[in-house]
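The values are calculated or read from the model by the stated rules, or taken from the named source; none is laboratory data. Quick caveat: nothing in here was measured; it's all calculated off a predicted structure. Neighbour counts run over all protein chains shown; Cβ positions are idealised from the backbone, glycine included.
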């Protein structure tokens, strides 16, 4: 398991911003971060499209030095809609972006 700094992960996540904006007709995109329980950390994107906000993230394990390693290759899609459940199990970002 390779551990990376939070900054390294953010830099990698930011590289395709412009491509995602154009290819998937996204209005806005930013970095999403959330500390979970028991050393789990979620990172990905906050996306706005057609007036709706989505959080797209994958999970990382945080070590004692605050470095992060991916736990799996699955992505989760959350919406701000209270009636919609989180959808998880996406194997790649293309699948997630096509869903929104």
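Quick look at the numbers
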quantity: The stretch 11-29 - residue that is without any contact (Cβ under 8 Å) to a residue 40 or more places away in the chain and surrounded by 13 or more Cβ atoms within 10 Å (Cβ to Cβ) and, of those, nearest to residue 53 (Cα to Cα); calculated: 29
quantity: Contacts under 8 angstrom Cβ, first residue in the stretch 30-52 being on the phi > 0 side of the Ramachandran plot and in a loop (DSSP other than H, G, I, E, B), partner exposed (fewer than 15 other Cβ atoms within 10 Å of the Cβ) and modelled with pLDDT under 95, 6 or more apart; calculated: 39/63
quantity: Considering residues of the stretch 1-29 that are assigned to a helix (DSSP H, G or I) and touching a helix residue (DSSP H, G or I) at 6+ places or on another chain (Cβ under 9 Å) only, the residue nearest to residue 92 (Cα to Cα); calculated: 20
quantity: The stretch 60-86: number of residues that are within 14 Å of residue 6 (Cβ to Cβ) and surrounded by 10 or more Cβ atoms within 10 Å (Cβ to Cβ); calculated: 9
quantity: Residue under evaluation residue 5, criteria (1) within 30 Å of residue 65 (Cβ to Cβ); (2) surrounded by 11 or more Cβ atoms within 10 Å (Cβ to Cβ); (3) at pLDDT below 95, criterion not met; calculated: (3)
quantity: Number of the exception - residue 94 against (1) touching a residue at least 12 places away in the same chain (Cβ under 8 Å); (2) at negative phi; (3) not in a strand (DSSP E or B); calculated: (1)
quantity: Selection count, the stretch 64-81, where residues are closer than 19 Å to residue 11 by Cβ and either under 13 Å from the mean Cα position of the chain (by Cα) or assigned to a loop (DSSP other than H, G, I, E, B) (or both); calculated: 5
